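The values are calculated or read from the model by the stated rules, or taken from the named source; none is laboratory data. As the structure is a prediction and not an experimental result, all values here were calculated from the model. Cβ placement follows ideal geometry from the backbone for every residue including glycine, while neighbour counts extend to all protein chains displayed. Calculation scope for accessible area: heavy atoms of the full protein, side chains included, ligands and nucleic acids excluded. Shrake-Rupley method; radii C 1.70, N 1.55, O 1.52, S 1.80 Å.
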Amino acid sequence: MTRADPSLEKRVADLERQVTELREALKAHDTTARLPAETAPRREKVLPQTAQGSEEILSWVDKSYILPRVATTSFIIVVALALRTAADSEALDRQLGSFLGMLYAFGLIVYGWFAYRRDDMQAPVFTLWGAFLMSAVVVEAHRVFDTVPAEMAYLTLLATGAVTTVMSRMNRVALPVFAGTLGMSFGAFAIGYPSPHFPYLAMALILANAFAAIATRLLRASWLRWLLLLLTLFMVQIWSLKLAIYLGKLTPDLLDPTIRGFFAATSILAVTYAVLAFLGVRGIIQEKVSKFDILLPILTVLWFAPAGLYVTRLGLADPALFGWLGSVGGIGLVLAGLWLATRQTGGALGATPFSIAGGLLLILTAPAALGHTLPAYALTALLALGLARISSRQSSVGLRLSSYLLQLLSCLALVLTLSSSELVSPSLLGALSSALLAAIAFVHYAWAKSHPPAVSDESLADRINKQDRWGSSLLIAALLSSFYACRVGLYQLLDLLHLARPAYFSGAQSVMINLTAAILFALGLLRRDKELRNVAIIVTLIGGAKVFILDMMALKGVPLLLGVFSFGMVAALASFVIGRWQKEGPAESDQAPAG
């Protein structure tokens, strides 16, 4: 009995321990059963890798509504193909079939409108295919079936673009205006290509560019505006080629009015682009100003001015009318740039491109307005000087850079004009004009040296013109104009010596270039001015290129000898100046802006 008691007690203890463990296990089980579904332990089912991937794809497709939209697209296309098949098999009259096709496309657009109001996931499908089918049906009805006249076809496309734009505006979505604008543009091109009805096509592209600006306001899409700009320039190119072909056979008064309106259409296009660019840089089209709006004024001038000059040469526009209209437009662009510079401290983004575009337009059109190129270039140079002074008052580095560029362009335009007309025997008028431009450029350069820009690294213009490094372009412009002014005196001197022959005149010009470089090197060393030194190096390179490329091929004897000798002397002087410069080290004035 004494032995059994310990054994019995042991068995009771074991039994109590087991009961306790069972109670804890049951309690734990009850707690797990009461946990939420997302916190309860999960028993994952191991699936094959292919099954897991397919389930993930099906789940993604279901969430993005692709399968329902694909199904809707299929049904839309089936109905469209049924109408086309009925028209091809003559089960439907072609005119009636064209009308039903356009009605069907319009119905899709209308349904898409109301679907957007209900936030229906199928709204983009109906809108996209409605715009696409409308363009396709209109083009085919006009080109293939000849059931829709050209005027009605263009107006239908314009209406489609307008409706989709209003739809986007009211529902704050961008896809309708994308679809409508692209469909309208490409459809208008396809009607009658390669001989479309140009006035209607121009109207379509003008509205398309305006609609694209609205689309950009809803969703940043500068690619659409770049695409439409390329399409517009393509139309201008086709139209100009047609003009050349027709005028080879007919006189301008016998041309069809749809061909003869080239100048009016391009002028309206240019005004449209200028207005859109102004709205863009003001932040009205979109909050963040795009590169497209910044570049658009300059790009517009670069295609409009050559197009206008082209039609004046063809006799389709009065040169004086083109010149005065272009000059007024150039002044308007400059005034717009000045106004934009006052909208923001340090100059707004649009001040520089509008000022440059206005100056370019004046350079290209003022000669036609005034009847002579040289006074026009002098007026542009004075405008550049005025812009520089205004830029100092407005603290606008952009306007300052614009003035530098316009001054240089004015001098380059004068140089190109004199090089083509007075290469051998310069005239007194050319000398006076180039001397006037040289004086204006020297005054501009002196003003820039005495009025350095405020130090700032906030804008792109500040970083480009750091330490006013582009001010040396004014000195280069002044030297170019001075060279063509001095050519007259050089020619008269050779005539006095009975040496006014092309060979001696060309060799004397090389000597004059090298002598200018030597004077600049000496002044740069005396004043410790890096700008003068760097410009002297540029003039030396120009002199060397003329001596060893042009003179070596065209001259011989004494003229060539004088040119080579003068270049050798200036090269020796350059070596001496640069050596002294490096030996003495930078002086205090050596911190001047470098060109």
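Scan region 158-173 for residues that are assigned to a helix (DSSP H, G or I) and either polar (S, T, N, Q) or at positive phi (or both) and jot them down.
160, 164, 165, 168, 171
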* Can you list the helices (runs of 4 or more DSSP H) found entirely within region 40-136 that contain at least 3 residues being open to solvent by 30 Å² or more (accessible area, probe 1.4 Å) and at pLDDT 85 or above? -> 66-88, 94-117
* Of all residues in region 212-230, which are surrounded by fewer than 20 Cβ atoms within 10 Å (Cβ to Cβ) and under 12 Å from the mean Cα position of the chain (by Cα)? -> 222, 223, 226, 227, 230
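Residues of region 231-267 being open to solvent by less than 50 Å² (accessible area, probe 1.4 Å), of a type outside the set (Val, Ile, Thr) and either in contact with a Lys or Arg (Cβ under 8 Å, 6 or more places away or on another chain) or closer than 16 Å to residue 190 by Cα (or both), which ones?
First pass over region 231-267, keeping only residues open to solvent by less than 50 Å² (accessible area, probe 1.4 Å): 231-232, 235-236, 238-240, 242-244, 247, 252, 255, 258-259, 261-263, 265-267.
Add one more test, that the residue is of a type outside the set (Val, Ile, Thr), and what stays is 231, 235, 239-240, 242-244, 247, 252, 255, 261-263, 265, 267.
Of everything in region 231-267, those that are open to solvent by less than 50 Å² (accessible area, probe 1.4 Å), of a type outside the set (Val, Ile, Thr) and either in contact with a Lys or Arg (Cβ under 8 Å, 6 or more places away or on another chain) or closer than 16 Å to residue 190 by Cα (or both) turn out to be 231, 235, 239, 252.
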* Take region 488-502 and flag every residue that is of a type outside the set (A, V, I, L, M) and touching a helix residue (DSSP H, G or I) at 6+ places or on another chain (Cβ under 7 Å). => 491
* **residue 379 among the hydrophobic types (A, V, I, L, M, F, W, C) and without any contact (Cβ under 8 Å) to a residue 40 or more places away in the chain** => yes
* Structure fact -> Taking region 146-157 and the residues there that are open to solvent by 40 Å² or more (accessible area, probe 1.4 Å) and part of a helix (DSSP H, G or I), the one that is modelled with the lowest pLDDT would be 151
* Structure fact -> Selection from region 197-211 of residues open to solvent by less than 20 Å² (accessible area, probe 1.4 Å) and in contact with a Ser or Thr (Cβ under 9 Å, 6 or more places away or on another chain) yields 198, 202, 204, 205, 208, 209
* Name, by its number, the condition in (1) in contact (Cβ under 8 Å) with a residue 24 or more places away in the chain; (2) touching a Leu at 6+ places or on another chain (Cβ under 7 Å) that does not hold for residue 408. => (2)
* Going through region 371-397 one residue at a time, which ones are open to solvent by 10 Å² or more (accessible area, probe 1.4 Å), within 24 Å of residue 349 (Cβ to Cβ) and not hydrophobic (A, V, I, L, M, F, W, C)? -> 386, 389, 392, 393, 394, 395
* To do: Tell me which residues, restricted to region 478-489, are open to solvent by 30 Å² or more (accessible area, probe 1.4 Å), farther than 15 Å from residue 535 by Cα and hydrophobic (A, V, I, L, M, F, W, C).
  => 486
* **Positions within region 502-544 being hydroxyl-bearing (Ser, Thr, Tyr), open to solvent by 40 Å² or more (accessible area, probe 1.4 Å) and closer than 14 Å to residue 479 by Cα, in sequence order** => 516
* Report yes if some residue within region 285-293 is in a helix (DSSP H, G or I), open to solvent by less than 60 Å² (accessible area, probe 1.4 Å) and either touching a Ser or Thr at 6+ places or on another chain (Cβ under 8 Å) or at pLDDT 95 or above (or both); otherwise report no. => yes
* To do: For residues that are part of a loop (DSSP other than H, G, I, E, B), out of contact with any Pro (no Cβ under 9 Å at 6 or more places or on another chain) and closer than 17 Å to residue 402 by Cα, scanning just region 423-472, find the one that is modelled with the lowest pLDDT.
  => 459
* To do: Would you please list the contacts, defined by Cβ atoms under 8 Å and residues six or more apart or on different chains, that run from a residue in region 123-135 that is over 13 Å from residue 168 (Cβ atoms) to a residue that is buried (at least 24 other Cβ atoms within 10 Å of the Cβ) and among the hydroxyl-bearing types (Ser, Thr, Tyr)?
  => 134/160; 135/160
* Asked: Of the residues 169, 143, which is closer than 14 Å to residue 187 by Cβ, among the basic types (Lys, Arg) and open to solvent by 30 Å² or more (accessible area, probe 1.4 Å)?
  -> 143
* Just a yes or no: is a residue in region 353-362 in a loop (DSSP other than H, G, I, E, B) and not basic (Lys, Arg)? -> no
